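The values are calculated or read from the model by the stated rules, or taken from the named source; none is laboratory data. Quick caveat: nothing in here was measured; it's all calculated off a predicted structure. Cβ sites come from the backbone with ideal geometry, for glycine too, and all protein chains shown count toward neighbours.
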Amino acid sequence: MNTPAPPHDPDPAATSATLLLAELRAEAEQTRVVLAQVHARLAAATHLDAGHVADILEANEQLVIAVLQAKTDAEGAMRALMEVSRVAELDALTQLPNRLLFLDRFTQAIAGKRRRQARMALLFLDLNHFKQINDTLGHAMGDEVLKLAARCMVESVRASDTVSRHGGDEFLILLDEVAQASDAVVIADKIHLALARPARFGEQVLSLTASIGIALFPDDGDEVYTLIDRADAAMYRAKRLGHSHFMFFDQCSFADVAPQPAPPDSMPRPTPLSAHTPGEQDPRHAQLQEANEQLLLSALDARDSQTSAERALQRHTENMARAVHELRSPLMSIRTASAVMSRSDSLEPLLPRMNAVIERQVAQLSRLVGDLLDVSRVNGGKLRVERQSVDMKLLIDEVTESCRPAIDNRQQQLVIQVPTEALVLSGDAMRLAQVLRNLLDNASKYTPPSGLITLTMEPLGDSVVLTMRDSGVGVSPRMLSHIFEPFVQEAHAAAFNGSGLGLGLTVVRELVAAHGGSVAVHSEGPGRGSEFTVTLPLRHPNAASAPGVP
């Protein structure tokens, strides 16, 4: 059971398949018209012998069959793709939206509420004593408990709300729109009552309790992960009260925002001491008390480490899912185009179009895979630059020429300001071009049509400074310190243009650092554009070439 998703952008793979199907249908219709004309001409061409006419008819019929078969295969591929996409977005156990789908819906909801200046609430729910259920009744029974809890939550919310399994026995509930904070309280009470209804599991009858933390948009934050973290913090405060409680984030002191895990239920208790003489009892009691304190501290440290590891694993899983999602779209287009081209040698009119599709998607795949490999090389300490003399003016001309079609397609204005004298660096020409291309593509992707992009280069002492400015969506102050981290995409930027993996700026930072330079970002906030400044050491023309360095 699940609530319907709010409107969001269609799957890129499904869109690509739909466009290709439309093209194939148009080509099939044109082929039928041409075939009718061929039949008419053959009827009039009495000078041809019957065998030659039959051969031509058979060849044209094979052409039509090949086009129709390609259309059928493409339609089947699209249906299979849609089904795989649907299944991949659901939690396998509860059939609720999984974390990736929930984050997508949450991002879209924030963008919509921000435009309408509306409020919404996020509930972070954790089932109490679920570990005891798993330990005493077994994991199979624990799975049934999770399914029941999911049903109770879905039945307690409105049709426009979204319930998602966040992981383990934790759930996220997005209340699409709330007029006031008390609306979230009403839902929290309904969930508590639904969970408290006794239910039979085999020979056991259980009544569930839960702790709920509530964060409000925009009162407690206007970013996805900020609201999740604050609802999580409020949930931990509610859990300390025991039984079924809820708490708003604004009721928590900021000193308590970081969740402090409670001691495990299985924590050993101090055992009573046997009778001892007064002289023996005090030292032994002190030693035992100290041992138990150390055990408690070790257990808390282990719980903190486990929580950190679980969150790191969650982020890794989400990042890999995003990578697969981005790679799936060009692969599907390439596969469909290849299937069409292999059907018959008579599809010559379609070959240029299919070749263009394949080349475009291969270029996109190369960029995505290249970014993933570069990040992997950085993590493994294997990123290298091969130094040579690089004329930065010529490099800028080459990069802007390759990026110009995308910029012109968005009707954006590109202004380039470079000095008249030559500026020569000791660096890797290919890697420096990658830095400029990533920054220029990033500026164009997040700048609206008719926007302005400015690229300037100027010498500054023994360095050269490259500045990329745009009039695009900008960066919020909270994200300025995280913008170069892998897989980071700000919510309002993803709503404007959600393509890509969030690796381009990470690659820029590492490549600039490999050249002994630095990169910085500045923005006045969302909607006010961005400015990226790259500083690289300048090599004078009479300096010796440097060897390849790591």
Item to check | Selection within segment 150-180 - assigned to a helix (DSSP H, G or I) and in contact with a strand residue (DSSP E or B) (Cβ under 6 Å, 6 or more places away or on another chain) | outcome: M153, V154
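Matching residues to (1) farther than 20 Å from A118 by Cβ; (2) at pLDDT 90 or above; (3) not basic (K, R):
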position	(1), (2), (3)
I187	no, yes, yes
V205	yes, no, yes
F217	no, yes, yes
R230	no, yes, no
Checklist entry - Of the residues Q411, Q434, which is within 29 Å of the chain's Cα centre (by Cα), more than 30 Å from T226 (Cα to Cα) and assigned to a loop (DSSP other than H, G, I, E, B)? => result Q411
Next on the checklist: Tell me the residue from L137, L103 that is within 22 Å of the chain's Cα centre (by Cα), surrounded by 16 or more Cβ atoms within 10 Å (Cβ to Cβ) and either not β-branched (V, I, T) or not assigned by TED's automatic domain parsing to the domain that holds D229 (or both), please.
Outcome noted: L103
Checklist entry - Given the conditions (1) out of contact with any Pro (no Cβ under 7 Å at 6 or more places or on another chain); (2) touching a residue at least 12 places away in the same chain (Cβ under 8 Å); (3) farther than 26 Å from P537 by Cβ, and given that R410 satisfies all but one, which numbered condition is not satisfied? => result (1)
Checklist entry - Could you say whether any residue in segment 189-209 is crowded, with 21+ Cβ neighbours inside 10 Å, part of a loop (DSSP other than H, G, I, E, B) and not β-branched (V, I, T)? => result yes
Checklist entry - Of the conditions (1) modelled with pLDDT of 90 or more; (2) not in a strand (DSSP E or B), R478 fails just one. Which one is it? => result (1)
